[in-house]
Each structure stands twice: as structure tokens, then as C-alpha cells.
Amino acid sequence: MNTAIIAALLLILLGIAYQTGCSRSRSLTLGGEARLHSRPVYHGALVAIWSLTPALLILALWALFGDTASRAYLLAQLPPETSSLAPADLDGAIRRIRQIESGFGIIGDAQPWENQAAEALREFRILTSAAIIAAAAGTGALALWFARSRISLRLRARNEVERMVSWAMIGCSIVAILTTAGIVASLLVEAIRFFTFVSPIDFFFGTVWNPGFSTTGHGSAGEYGLLPLLWGTLMVATIAILVALPIGLLTAIYLTQYASPRLRGFVKPIIEILAGIPTIVYGFFALVTVGPFLAGLGNLLGLDIRATSALTAGIVMGIMIIPFISSLSDDIIRQVPRAMRDGSLGLGATQSETIKRIILPAALPGIVGAFLLAVSRAIGETMIVVLAAGNSPYLRLNPGEPVSTVTVTIVNQLTGDTDFASPQSLVAFALGLTLFAMTLILNVAALYIVRRYREQYE
Amino acid sequence: MTENTRLEATEMNMPAATILARSDLYHMPSTTVRTPDAEPRSAKVIARNVSVFYGPKQALFDVSIDIPEKSVTAFIGPSGCGKSTFLRCLNRMNDTIDGCRVSGQIALDGSDIFAPSLDVVELRARVGMVFQKPNPFPKSIYENVAYGPRIHGLARSKADLDEIVASSLQKASLWNEVKDRLHEPGTGLSGGQQQRLCIARAIAVSPEVILMDEPCSALDPIATARIEELIDELKQNFTIVIVTHSMQQAARVSQRTAFFHLGNLVEEGPTDLIFTSPGEKRTQDYITGRFG
Ligand SMILES: Nc1ncnc2c1ncn2[C@@H]1O[C@H](COP(=O)(O)OP(=O)(O)OP(=O)(O)O)[C@@H](O)[C@H]1O
Ligand SMILES: [Mg+2]
């Protein structure tokens with residue numbers, strides 16, 4: 001309710017400020033030959049920004065500190081006997097009072113003193129929110145008046161607006177960067193906690209994965225060797241790439257170089273549908289169709305292939321990645337200038353010679369980039385492997401045997417009862433960090449390669 | 001003989017009958033104004049009633065022309081009149097454009113280039129092309145020139161290939177500028193050098209005909225002059241067709257000129273005649289800059 005009112009007020013303020021800026025600046029030019037430095041829309045935008053910013057600042061401050069303020073007020077309202085309560089009980093009491101005040105989720109009967117406090121809280125809340133709204137509106141109006149008085153023919157409103165827009169964009173990218181940094185930091189902190197239980201050497205070079213159960217206490221029960229998981233991850237990813245790269249790349253070449261526009265318009269969307277299938281559905285497909293089929297095929301050939309194995313997961317993951325590789329390569333091949341192709345064909349090269357000697361070399365950096373992105377995608381893929389890889393963390397060479405991967409193990413360690421003080425759960429962060437480092441390295445390599453060769457045909 | 005045919009041109013010192021016997025061109029019902037050369041050469045390329053359609057739209061209407069051997073033929077005309085389109089017909093580069101359809105006959109040395117038995121790859125090796133915008137491959141200068149000989153297996157050894165690359169670059173008068181940096185990327189050259197590199201690349205497969213689509217449009221006057229000199233030398237050995245927007249250039253380098261307008265071949269004849277006394281009002285207007 002309050003939020004809706006505030007939003008409406010802000011919108012009204014915005015509209016008024018914008019209109020004021022526009023009409024005020026326009027009125028300056030009515031006299032005759034006088035020319036504005038910036039067009040009226042910029043003056044409008046500038047006034048709007050000026051008047052909205054202080055109002056938003058006040059609201060933001062209230063959102064940050066309002067809770068603390070109301071809590072302090074409540075504590076002052078509580079009867080003296082509550083001061084002897086333990087902090088946890090005090091928190092409970094405050095929570096109850098707030099629930100009573102808002103009318104949601106009250107358990108049991110309210111005590112009279114609780115009702116009193118809730119009543120006081122309600123008054124406090126109504127008063128403060130009125131005050132805040134008034135303050136926001138007041139400063140908004142004041143700022144509007146100030147910004148309006150600044151309008152003049154020479155005011156460089158356009159430049160100021162541009163500068164503010166660029167600050168806003170910097171702010172947005174800082175949010176993205178901070179989020180990433182925060183994720184990395186939390187991974188790092190928890191992983192370091194894990195390494196107080198298990199030495200990094202045992203983790204990174206251990207060949208046995210057998211973490212035991214968290215109920216067995218806080219000691220480093222079990223063994224945490226990363227290698228079987230890493231091996232499983234690499235095996236599944238390699239199989240996936242072996243499936244996806246040739247199919248995806250040849251599809252892209254066919255669609256860009258040989259297919260008629262009609263066929264292309266028909267085939268491309270169908271391939272892209274593959275990319276839209278949820279990975280869990282690929283998981284079913286692996287489990288129900290591909291696994292048994294491979295097992296049957298293995299029987300025929302005299303090979304021992306399990307229904308859930310690295311091979312099953314890898315092949316299905318490869319199918320999942322095909323559209324990824326094909327549409328990325330498609331775009332990249334398309335970017336090779338037509339003049340290159342014509343130049344080669346004009347010299348009497350055949351289509352396939354042109355592709356092999358001119359188009360693919362020119363597109364290679366981009367294709368390598370696409371390939372590395374696909375690999376990092378394969379390494380991070382979870383659902384297919386959970387269902388179809390067999391979840392068996394042992395070092396095995398045969399791709400027909402079940403394996404387990406880093407992602408699957410993270411899922412295993414974090415499902416069910418988790419106690420974030422035990423190595424059994426904390427190991428998930430060390431695994432996550434490993435995974436993150438791997439994909440990061442791959443992405444950086446991809447970016448580097450793409451950037452290094454980009455200007456080749458410009 | 002059609003009314004438009006101007007066989008009574010004064011410069012002729014060959015009996016009209018001889019000329020007529022050499023080509024059926026002058027028997028054809030056509031709106032094109034034609035003047036044969038005083039000393040006709042044998043025709044390298046013969047085009048008859050060539051029409052080109054881009055999808056439903058017709059871009060070229062019944063163009064018939066003979067392109068004489070070992071000389072320079074210039075195509076002029078306002079933008080969009082179909083010069084490039086016709087040029088691309090001659091080595092079937094139009095095949096690579098989606099939705100483009102060509103009808104009519106074109107013969108190279110008397111054999112039909114649309115015949116099913118003809119290998120388009122071989123045709124393009126015989127009829128080379130230099131594009132309007134220099135388009136060197138993103139490879140080294142050496143590799144750019146060696147590209148054609150490599151795919152056609154023209155060189156038996158590395159020394160052979162070196163020889164072809166060097167002589168092509170020399171013929172394109174680029175050798176002195178690049179002989180010390182053959183293994184640097186061709187895209188690092190200046191625009192004029194790139195265009196000469198593209199000419200060298202086309203020469204390297206020793207084509208019989210070289211098609212040039214506005215080869216100087218991106219070049220400064222000095223580079224243009226060098227390319228014109230080059231064209232003048234190349235015509236000793238090659239048949240050259242050049243599209244140009246510069247009347248002066250057409251007048252300087254070509255022996256015959258063909259004027260296109262709105263997809264029609266309006267007039268063709270000896271260059272000096274076209275520029276001094278054109279037989280068609282439209283040609284005159286275009287040459288004197290009244291439109292286009
Ligand atoms: N790929 C294409 N698809 C569709 N129409 C085309 C295509 N290429 C050319 N055309 C059309 O064919 C006509 C002739 O084009 P062309 O490129 O042959 O003109 P031009 O004489 O070379 O012009 P310019 O001097 O500007 O290069 C134009 O109307 C053009 O719009
Ligand atoms: Mg053109």
C-alpha cells in the first residue's frame with residue numbers, strides 16, 4: 001500500500017519535473033532568435049533527474065535504516081521487565097509484536113503489553129512513513145524548484161544528462177562486478193574453512209572419493225580426493241565435445257554455405273529448439289532412451305556398456321550442446337566478409353576449397369572461442385549427469401562404466417540434511433571453486449583467442 | 001541489317017561484308033547502336049541476348065556483345081544500370097547469388113559457358129576477376145598470390161611457386177614495394193597496394209580474360225594512374241573488361257566502350273568514336289554529364 005503510494009508520488013514528481021524542464025526551457029526561446037544550447041527534452045530530463053534523486057536518496061536511507069529505527073523505538077516502549085530477557089528471547093518478542101501489528105502469523109494469544117507495544121508501533125509507523133513521504137516530496141519539490149531556476153539558454157543540459165546516464169551505467173556494471181566478487185568471496189571463505197579439515201594436497205591429488213556422512217562428527221571422516229570427480233567430468237565433457245563439435249560445425253558450414261535460404265529458414269529454428277529443451281528433459285531422454293540403447297548395442301558388439309555411464313551422459317550432453325556450437329559458429333562464419341568468399345570463388349576455387357582455405361581460417365578464432373565456451377558449458381552441466389552418469393566416483397578408464405562428476409557431487413553433498421560446519425558439506429564449496437576456476441580459465445582463454453585474432457579481416 | 005547499325009563509319013578500311021561475315025552480331029534485331037572496329041579482332045567472348053533476373057526483377061535485358069581478344073573493353077553507364085551484373089555473368093559469379101537467374105548465351109572461345117559439361121571452376125580460372133573493393137585474403141602477401149596457383153596445381157615445386165608469385169607481383173608492379181615483406185599480411189598494405197595485390201592474385205592463375213569491376217574506385221589519382229598503366233601492359237597478353245565510372249579512364253585505357261542504361265546495352269563501339277561522336281542521344285547525354 002505504502003509502496004504503491006510512494007511509487008505513484010514519484011511518478012507524478014517525475015512527470016511534473018520533466019514537463020517543467022521542457023516548458024521552461026522552451027519558453028526561453030519564445031522571444032525570438034535566442035537558441036538553446038540543448039533541446040528542451042534534455043532540460044526536462046535534467047530537471048527530472050535533479051528532483052527525483054534527493055527523493056530517492058531519502059527513501060533509500062529509510063529502507064536501509066528504517067528497521068533499526070523502529071526496533072530502537074520498540075525497545076524504548078517495552079515494559080521494564082523485558083529488559084532482563086536474553087537477546088534471543090528479546091528478538092522473539094520483537095518479532096511477535098511486529099506480527100501482531102501487521103496482523104499476520106500470530107501464534108497464541110497476545111499479552112496485553114504486547115498489544116500495547118504493537119499499538120505504539122503502528123502509530124510510530126504511520127507517523128514516520130507520513131514524515132518520510134513528506135520529506136521526500138518536500139526535497140523533491142525543492143530540488144525541482146532549484147533545477148528549474150538553473151535553466152538558461154547556455155545551460156549544457158545535454159552534456160549533464162549524458163554524464164549522469166553514463167554514471168548510471170557505471171553503477172549498473174559495478175553491481176554486476178560486485179555480485180561476481182561476492183560469489184567468489186563466499187566460495188573462497190567456505191573453501192578455506194573446508195581446507196582446515198582436509199589438506200589441499202589430499203583434496204587436489206587424492207584418488208579416492210569417500211566422504212562418509214556428516215553425522216559422524218566434525219573430524220575429517222572420509223576421504224576427499226578430487227581426481228575421480230575431475231576425471232569423470234573431463235571424460236563426460238570430452239565425449240560431449242566429440243559428439244557436438246563435428247556435428248555442430250558441419251551443420252553451421254552447411255547452413256551458411258550450401259543450404260538454400262528456404263531450407264535454412266526451416267532448419268535453423270528447429271536446431272535452435274534443441275537449445276530450448278530443459279536439461280532435465282535431456283536427462284530423461286538419456287535415462288530412458290539412450291542408456292538402454294547403448295547398453296543393448298554394447299551387448300550386440302560384445303562390449304560391456306552400462307545404461308548409466310560416462311558414454312550415455314556424454315552423448316546426450318553432446319546433443320544438447322550441438323545448437324550452441326552450431327549457432328555460434330554460424331554467426332561467426334557469417335561474419336567472414338562475402339568479399340573473401342567471392343575473391344576465392346572468382347579465382348576458380350571450389351566451394352569446399354573456399355571453405356577450407358579461406359572461410360574456416362578466417363573464422364577459426366571465433367570457432368575456437370565457441371568451442372571453449374561449449375567446453376565450459378559441458379563441464380558445468382549438472383542435470384544430465386545426475387540422471388545418466390551413474391554417480392560412481394571411481395577412477396575408471398572405460399567410458400562404458402558409470403562415473404561421477406564435480407557438479408553431481410556438489411548436488412549430492414548439499415541435498416538432504418546439511419550441516420555447514422562439517423567437511424561433508426563444506427567440500428561442496430571447494431568443488432564449486434574448482435569448477436569455477438576451470439570454467440574461468442576456459443572463458444578467459446576463449447576471450448583472449450577471439451580478441452587476439454579479431455582484427456584479421458578488417 | 002538493322003537501321004541502327006552504323007557500318008558506314010568513315011574510319012573503316014575493311015569492307016562491311018568482311019566484318020559481317022566474322023560476326024552474326026550485325027544481323028541481329030536489336031536496339032543497340034553498334035560500330036565495329038576499323039580492324040576487327042577476333043572475339044574472345046561472345047554474349048547473345050543475355051538477360052539477368054534477381055528474383056522477379058529483371059536487371060539486364062537482352063544484352064548482345066562481342067568482346068575482342070587482347071584489348072580493353074570498358075563498360076560505362078549510370079549507377080545501377082547492370083554493368084557489374086553483366087560482368088559477373090562472364091565468369092558465372094552470379095551463380096553464387098541467391099535468387100539470381102541468367103538466360104541467353106555466352107561463349108568463351110566459341111564454347112558455351114553454361115553448357116552442363118563446362119566446369120565452372122575451370123571457367124573462373126580462365127576468366128579472372130578483380131573486385132571493386134580490394135579484398136585480399138587474411139593471409140600473407142605471398143599466400144595471397146600463391147592461393148590460385150596452389151588450388152589449380154600450377155606449380156610443380158616451391159621454386160616454381162616462388163617464380164609465379166614473383167612474376168605476378170612484378171606484372172602488377174607491386175614487386176618492388178613488397179619484395180622484402182612477402183610474409184607480412186596482405187591486409188596490412190595500403191588500399192592501392194591491396195588492389196594491385198588482387199590484380200597480381202588474378203594474374204597468377206594466368207587467366208585469359210580479366211574482369212575488373214571499378215578497380216580504381218577506392219584509389220587516389222597516383223595509384224589509379226599506376227593501375228591504368230598496368231592495364232595497358234596487361235592487354236598485350238590478356239583480354240580485359242573494365243567497369244568504370246570515370247569517362248576519362250574509359251577514354252584512356254580502353255579500345256572499345258559499351259554504354260549501359262537501365263539494364264540495356266545502348267551503344268557499343270570504338271572508344272574514340274563513342275567519346276567523339278556517339279550514335280545515341282542517351283550516350284551523348286551521359287558522356288557529357290547531363291545525367292547519371
Ligand atoms: N544481389 C542482388 N540482388 C538483387 N538485386 C540486385 C543485386 N545486385 C544487383 N541488383 C540490381 O540489379 C541492378 C543492376 O545492378 P549492378 O550492380 O549490376 O549495377 P551497376 O551498373 O554495377 O551499378 P554501380 O555502378 O553502382 O556499381 C540494380 O538495379 C541492382 O539493384
Ligand atoms: Mg557495380
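The values are calculated or read from the model by the stated rules, or taken from the named source; none is laboratory data. Worth saying up front: this structure is predicted, and the values here are computed from it rather than measured. Here the Cβ is made from the backbone with ideal geometry for all residues, glycine too, and neighbour counts use every protein chain on show. For the accessible areas, the whole protein counts, side chains as well, though only heavy atoms, and no ligand, DNA or RNA atoms are used. Shrake-Rupley method; radii C 1.70, N 1.55, O 1.52, S 1.80 Å.
Odds and ends about this structure:
- Exactly one residue among B:D112, B:D95, B:D160 is of a type in the set (D, E) and within 16 Å of ligand 1 (Cβ to nearest atom), and that residue is B:D95.
- Test: residue in the range A:436-455 that is on the phi < 0 side of the Ramachandran plot and assigned to a loop (DSSP other than H, G, I, E, B): no
- Entry remark, the range B:71-94: residues being of a type in the set (K, R) and either within 13 Å of ligand 2 (Cβ to nearest atom) or open to solvent by less than 10 Å² (accessible area, probe 1.4 Å) (or both) number 2 in total.
- Flag for B:Q170 being surrounded by fewer than 17 Cβ atoms within 10 Å (Cβ to Cβ) and part of a helix (DSSP H, G or I): yes
- Residue match in the range B:166-179 (condition: within 29 Å of B:N94 (Cβ to Cβ) and within 11 Å of chain A (Cβ to nearest Cβ)): no
- Of the candidates A:V444, A:V406, the single residue that is buried (at least 16 other Cβ atoms within 10 Å of the Cβ), away from chain B (no Cβ under 14 Å) and not aromatic (F, W, Y) is A:V406.
- Residue among A:T139, A:T180 that is within 23 Å of A:L11 (Cβ to Cβ), of a type in the set (S, T, Y) and modelled with pLDDT of 90 or more: A:T139
- Applying a threshold of 8 Å to beta carbon distances and a minimum spacing of six or more residues, or different chains, the list of pairs starting in the range B:124-139 at a residue that is within 13 Å of B:L87 (Cβ to Cβ) and ending at one that is part of a strand (DSSP E or B) and not hydrophobic (A, V, I, L, M, F, W, C) reads B:M129/B:D213; B:V130/B:D213; B:F131/B:D213; B:Q132/B:D213.
- Among the residues listed as B:P29, B:P40, the single one being under 26 Å from B:R101 (Cα atoms) and modelled with pLDDT under 80: B:P29
- Selected residue (criterion: farthest from B:A38 (Cα to Cα)) from residues of the range B:258-267 that are within 16 Å of ligand 2 (Cβ to nearest atom) and buried (at least 20 other Cβ atoms within 10 Å of the Cβ): B:G263
- Restricting attention to the range B:268-289 and to residues that are under 17 Å from B:H245 (Cβ atoms) and within 16 Å of ligand 1 (Cβ to nearest atom), the residue that is least open to solvent (accessible area, probe 1.4 Å) turns out to be B:T283.
- Filtering the range A:322-375 to residues that are polar (S, T, N, Q), within 14 Å of chain B (Cβ to nearest Cβ) and surrounded by 18 or more Cβ atoms within 10 Å (Cβ to Cβ) leaves A:S344, A:T354.
- Qualifying residue in the range B:55-63 (condition: modelled with pLDDT of 90 or more, away from ligand 1 (no atom under 16 Å from the Cβ) and in a strand (DSSP E or B)): no
- Residue match in the range B:117-138 (condition: modelled with pLDDT under 90, away from ligand 2 (no atom under 16 Å from the Cβ), under 20 Å from B:Q193 (Cβ atoms) and at the interface with chain A (Cβ under 10 Å from one of its Cβ atoms)): yes
- Restricting the range A:68-106 to residues that are modelled with pLDDT of 85 or more and out of contact with any helix residue (DSSP H, G or I) (no Cβ under 9 Å at 6 or more places or on another chain), the residue that is farthest from A:A157 (Cα to Cα): A:A72
- Where B:A146 falls short, out of the listed (1) open to solvent by less than 60 Å² (accessible area, probe 1.4 Å); (2) outside any helix (DSSP H, G or I); (3) out of contact with any His (no Cβ under 8 Å at 6 or more places or on another chain): (2)
- From the options A:L250, A:L297, residue that is open to solvent by 60 Å² or more (accessible area, probe 1.4 Å), more than 36 Å from the chain's Cα centre (by Cα) and not charged (D, E, K, R): A:L297
- Contact map, the range A:256-272: first residue within 10 Å of another protein chain (Cβ to nearest Cβ), second residue of a type in the set (D, E), Cβ cut-off under 7 Å, separation 6 or more or different chains; pairs are A:P261/B:D98.
- Qualifying position, being within 14 Å of another protein chain (Cβ to nearest Cβ), of a type in the set (D, E, K, R) and out of contact with any Phe, Trp or Tyr (no Cβ under 6 Å at 6 or more places or on another chain), among B:D66, B:D95: B:D95
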